[in-house]
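Down below is the structure, laid out as structure tokens.
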Amino acid sequence: MSVLPQDIEKIINSSYEHGFVTDIDADTVPAGLDEAVIRLISSKKQEPQWMLDYRLKAFAHWQTLTGPVWAHLNIAPIDYQAISYYSAPKSKADGPKSLDEIDPQLLETYKKLGIPLEEQKALAGIAVDAVFDSVSVATTFRTKLHEAGVIFCSMSEAIREYPELVQQHLGSVVPYKDNFFACLNAAVFTDGTFVYIPEGVRCPMELSTYFRINEAKTGQFERTLIVAEKGSYVSYLEGCTAPMRDENQLHAAVVELIAMEDAQIKYSTVQNWYPGDTHGRGGIYNFVTKRGDCRGDRSRISWTQVETGSAITWKYPSCILRGNDSTGEFYSVAVTRGKQQADTGTKMIHLGRNTKSTIVSKGISAGEGQNTYRGLVRMSPRAENARNHTQCDSLLIGDQCGAHTFPYIEVRNPSADVEHEATTSKISEDQLFYCRQRGLSEEDAVSMIVNGFCKEVFNQLPMEFAVEAQKLLSVTLEGAVG
Amino acid sequence: MLQITDLHAAIDNKPILLGLNLTVNAGEVHAIMGPNASGKSTLSHVLAGKDGYEVTQGSIVYKGQNLLELPTEERARQGIFLAMQYPVELPGVNNMVFLRESLNAIRRARGESDIDAVAFLRLVKEKARLVHLDEKLLKRSVNTGFSGGEKKRNEILQMALLEPALAILDETDSGLDIDALRVVAEGVNALRSPQRAMIVVTHYQRLLDYIEPDYVHVLANGKIIRSGTKQLARELEEKGYGWITGGAAA
């Protein structure tokens, strides 16, 4: 018929905005994975023995595993020996002390991404720990956070400077044996972010990390650990982009959150990795394990994600509701277009009494995109009066895309209350006609309808991020209409 | 303002309009009546530029330009407004936001600046009173969960807000009870002006008791087969369409 096939054409043909490559000398380990590579990574990062031992244990276990095949994804076989597991910008060897010492090209890259690295921009209230490939190169606002007692640093630094905290918590939410990709990450992770909020502290600013995969053929395996002690609060923002590359790049991150009694962690992600070209060549394979542990009573963990990039997304930010009266939330917008595939959702594991969880998932498929929601709600025998509400909506643009929903519900306590609502809708030609008849362009009409569809999730994002997410969505669906 | 000459239009290769002629001047209200499947909605949709219709012959000149060359949104921006028979729902799209975006798109086309928030709020409330639309509906998603009457009133509200040069009301009376009909008609009458033309498409004469047309046209088998004054509508009501079409009454 009329507009929609062209729309899809346009979506497919619109190019990736962040597809520039930064030309800097990098210190890259040759491709391949064996014990020697792991020892090399560990020694380059001057890690203590226990860390190396942990990596080696994980590697030994990983060799016994095979990749998961249950996801609704069509993945070409991955050659793990063809990937380089370590890449660091060379200038890091001397250790930059301030922004002036940082490779100007690197700063230029960040500027293109719109990261507020300059101090005056950071004054807006965002402290940034920028991860460029594998090494954290700049950290702002450390001092102010330090005064509040908050630790916000790269994982490598944390391992060196706060070994007891890291040793105590690392792997306590996502053990290395958890799954194939988490296990690989435990063996080869190169950097990431560590956040520690002491008892009773409300983190004075939004913490933010931008990840960016730059080096060709490098996997990025970052590791994030956030610990919120009793009665503390932190909001953490994570944004991701990657330059354009022909070959697929692997991204297998692990994020662990720990919330003690009355603590609250809000974790927001805007993911815009390179999705591959029109033929499905290239693009990021995003296999991420994210899990939060509501360890203490009345603790609360919220995941909010806006996923517009990656060739393949395999990601289930989850909550273990261990503490009584604890709350887990998952708000998600996932967009697939072109040949993108996403299999994403959450797990809410209710262990404690009066635990509550909310799941709001919005999947948008355009072009030949495939979008799958996969979620588990488990009410364990001692989860008295546990409650869950799940809402799962899919929006289709065009007639070659797909939306799939796989909700798993396990209830082992009769007092539990579980609700599941799901809808599937399509942007209809009648809707577009209606909007255009009122003077709106097709593009504005689609953007308005899509933003309306995602509103519940965007409302959960911190203000600046919500605006960014809306813009990103418009850019993603740009050319969706003539 | 509008000259339709020998208009032939088809949908899915099926000819619907077969040589329709109509001239509408500023300040006039024309009623188009006709039995089911006579092409009434096709005419409305072709004027508004809905996709899927193919004009195979004839011309439409609007304000001196070839209307058929303009995309839908451009026609809207130049003052053509269609009050739909079945207004669609836009879940999640706030009615106020929709109204403001729409008004601004049209203001920009007129070379005016965007309306400021306070002025817009005042304006929309004033217009909502005109059509007795509950203000609560302004805060809801566009048409979502609205009753039939509320949807139609929302259409007239948009018309009042956008101040079109040519308003087309496509079976606005369908699905309305007599009270709702009166409210909608009052709203429409308030918008009558020497600068504005209206085309009221309807199956029944009932609506014309409230909106008095200057001209009445009977559309059957894709052509206007009779034109007259409102007296024609009365006769139609009494005698049925079979009286003119010669065939079975619709």
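Computed from the coordinates by the stated procedures, all read-outs in this text should not be read as laboratory data. Every value quoted in this text rests on a predicted model; they were computed, and no experiment measured them. Virtual Cβ from ideal backbone geometry, glycine too; neighbours counted across all protein chains shown.
Counting alpha carbon pairs within less than 8 Å and at least 6 residues apart, what relative contact order, in whole percent, applies to segment B:2-245?
Values: 438 pairs, mean separation 70.6, N = 244.
Relative CO of segment B:2-245 lands at 29 percent.
With contributions of -39500 (n - 2.57) from each DSSP H run of at least four residues, the per-residue ellipticity at 222 nm computed over chain B stands at -10500 deg cm²/dmol.
Which entries in the list A:Lys45/A:Lys290; A:Lys57/A:Lys347; A:Lys315/B:Lys136; A:Lys57/A:Lys144; A:Lys455/B:Lys40 go over 30 Å, if you measure between the two C-alpha atoms of each? Correct reply: A:Lys315/B:Lys136; A:Lys57/A:Lys144; A:Lys455/B:Lys40. Ordering B:Leu70, B:Gly187, B:Ile224 by Cα displacement along the dipole of segment B:2-245 toward the positive end leaves B:Gly187 in first place; charges were set at the Cβ atoms of Lys, Arg (+1) and Asp, Glu (-1). Beyond 26 Å in Cα-Cα separation lie the following of the pairs A:Lys471/B:Lys152; A:Lys471/B:Lys50; B:Lys125/B:Lys151: A:Lys471/B:Lys152; A:Lys471/B:Lys50. Think of each Lys and Arg Cβ as +1 and each Asp and Glu Cβ as -1; about the Cα centre, that makes the dipole of segment B:160-250 roughly 360 debye. Put a dot 7 Å past the Cα of A:Glu199, heading toward its Cβ, do the same for B:Thr229, and the two dots end up 9.3 nm apart. Relative to the longest principal axis of the Cα atoms of chain B, helix B:117-130 runs at roughly 40 degrees.
Here the 3J(HN,Hα) profile of segment B:86-96, calculated from phi with Karplus coefficients 6.51, -1.76 and 1.60 at θ = phi - 60°, is 10, x, 7, 8, 10, x, x, 8, 4, 4, 4 Hz, Gly and Pro shown as x. Taken one residue at a time, the phi angles of segment A:452-460 give Karplus couplings (6.51, -1.76, 1.60, θ = phi - 60°) of x, 5, 9, 3, 4, 7, 4, 4, 7 Hz. Gly and Pro are set to x.
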